[in-house]
Amino acid sequence: MRLGKPSPNFLRNVIYNNLGAQRSELLVGPTFGVDNAIYRIGPERVLVATTDPLSYLPSLGPRASAWLSVHLLASDLTTCGFSPQFGLLDFNLPPGLSDYNFARYWDSFSEECRKLGVSIIGGHTGRYPGIDYSIIGGGVAMAIVPRNRYLTSAMANDGDDIILTKGAAIETTAVLTRAFSRTVKKALGRKLFEKAWSYLGKVSTVDEALIASSVGVRGQGVTAMHDATEGGVIAGIFELATASKLGATVDLEEILVSEETLQLCHLFHLDPLVSLSEGSLIIASLPSKTKTILDKLISQLIPAKVVGRLTSKHQGYKAVNRKGTRSFRYPIFDPYWKAYSSAIRRGWS
């Protein structure tokens, strides 16, 4: 059974062909590579909405798991260029999750929502047989924003620069380090292990999305944003380009892979370029504004580099390195899920 998201073909043939009733107010609906729905609520305003799973990872504990869940939701929403304002949450809890630990989870969840300015406006909570860690529900984040200022990942232009923040396999490094800390520490050594341990705080693109979009959007700077999740930075770039009906040329040598991430991916037999990488933001930028965007991100201690350029759809998807140029395809699956499951079966801790 395929773990993680279904294939693009399944989405196209099954999901996108069956979307209930049509509404004229829906400006942007479910589309491959697009994070947010856009719904017109008046002549000057739109509702932006996104949804994502909510997680509880015992290896992270309740508070860190809640922080991660909030930021996974918020990271999708902020690719529109605005902060989330409202949240709707559905918790389907494992029977073994105690009231005490869920209370700690919820306290942290609410605290992080307050910091981001998110008002929780409704939801559902219950315990049910057959529910297990780590996915314990789903959430919706929403914001009401000006109609002429929001972004989607389908708005990029031929010739735009591709900026990548932080590098590759950010969430892979964060979660596997904490889930299998003894094994990882033994393999990486104390110094690299401590660096990898700190990655949990990097698994969010909220700050960089808002910083980048503050330079200007659409014809003023940032034309599209997309956070890299399953399939890593390669999938994320492919999704943004496809959503915008473009091709892309990516310089693989420019994609940052830290030493701690490289060593961890070697341990788990992962390719960091196609492994889970929430925390990496892909930004399409007008070339004339790229330096301003980079300078602003770097001034806020967010690493960022140009890793390629968007091209016409007819040029396809090209990857460049010291060995030459080749075509790249959308990753068939994210190896992270298999690596995580295999480590559990092996008894790694």
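General remarks:
- Residue 186 touching a Gly at 6+ places or on another chain (Cβ under 6 Å), assigned by TED's automatic domain parsing to the domain that holds residue 287 and modelled with pLDDT of 95 or more: no
- Answer residue from the range 304-328, given it is part of a loop (DSSP other than H, G, I, E, B) and out of contact with any helix residue (DSSP H, G or I) (no Cβ under 8 Å at 6 or more places or on another chain) and is modelled with the lowest pLDDT among those: 323
- Number of positions in the range 1-44 that are in contact with a His (Cβ under 7 Å, 6 or more places away or on another chain) and loosely packed, with under 15 Cβ neighbours inside 10 Å: 0
This table checks each residue for (1) more than 21 Å from residue 31 (Cα to Cα); (2) assigned to a loop (DSSP other than H, G, I, E, B); (3) modelled with pLDDT under 95.
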{"site": "80", "(1), (2), (3)": "no, yes, no"}
{"site": "101", "(1), (2), (3)": "yes, no, no"}
{"site": "110", "(1), (2), (3)": "yes, no, no"}
{"site": "121", "(1), (2), (3)": "yes, no, no"}
{"site": "136", "(1), (2), (3)": "yes, no, no"}
{"site": "145", "(1), (2), (3)": "no, no, no"}
{"site": "159", "(1), (2), (3)": "yes, yes, no"}
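- Top-ranked residue in the range 165-182 [being of a type in the set (D, E, K, R) and outside any loop (DSSP other than H, G, I, E, B); ranked as nearest to residue 79 (Cα to Cα)]: 171
- In the range 227-262, the residues that are touching a helix residue (DSSP H, G or I) at 6+ places or on another chain (Cβ under 9 Å) and aliphatic (A, V, I, L, M): 228, 233, 234, 235, 241, 246, 248, 250, 252, 255, 257, 262
- Of all the numbered requirements in (1) crowded, with 19+ Cβ neighbours inside 10 Å; (2) closer than 20 Å to residue 211 by Cα; (3) touching a strand residue (DSSP E or B) at 6+ places or on another chain (Cβ under 7 Å); (4) in contact (Cβ under 8 Å) with a residue 60 or more places away in the chain, residue 52 misses one, and that requirement is (2).
- Hey, residue 141 modelled with pLDDT of 95 or more and more than 16 Å from the chain's Cα centre (by Cα) or not: no
- Subset of the range 210-256 that is in contact with a Lys or Arg (Cβ under 6 Å, 6 or more places away or on another chain) and among the charged types (D, E, K, R) - its residue that is surrounded by the most Cβ atoms within 10 Å (Cβ to Cβ): 230
- The listed residue being basic (Lys, Arg) and either touching a residue at least 40 places away in the same chain (Cβ under 8 Å) or touching a strand residue (DSSP E or B) at 6+ places or on another chain (Cβ under 7 Å) (or both), out of 191, 195: 195
- The range 127-164: number of residues that are within 15 Å of residue 76 (Cβ to Cβ) and hydroxyl-bearing (Ser, Thr, Tyr): 3
- Pairs with Cβ under 9 Å, 6+ apart, first in the range 216-239 and more than 19 Å from residue 333 (Cα to Cα), second surrounded by 24 or more Cβ atoms within 10 Å (Cβ to Cβ) and at pLDDT below 95: 225/35
- When 139, 167, 130, 159 are screened for being closer than 20 Å to residue 33 by Cα and surrounded by fewer than 17 Cβ atoms within 10 Å (Cβ to Cβ), only 159 passes.
Yes/no per residue for (1) within 29 Å of residue 197 (Cβ to Cβ); (2) assigned by TED's automatic domain parsing to the domain that holds residue 216; (3) touching a helix residue (DSSP H, G or I) at 6+ places or on another chain (Cβ under 6 Å):
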{"position": "21", "(1), (2), (3)": "no, no, no"}
{"position": "26", "(1), (2), (3)": "no, no, no"}
{"position": "42", "(1), (2), (3)": "no, no, no"}
{"position": "60", "(1), (2), (3)": "yes, no, yes"}
{"position": "70", "(1), (2), (3)": "yes, no, yes"}
{"position": "97", "(1), (2), (3)": "yes, no, no"}
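The values are calculated or read from the model by the stated rules, or taken from the named source; none is laboratory data. Quick caveat: nothing in here was measured; it's all calculated off a predicted structure. Glycine also receives a Cβ, built like all others from the backbone with ideal geometry; neighbour counts cover every protein chain displayed.
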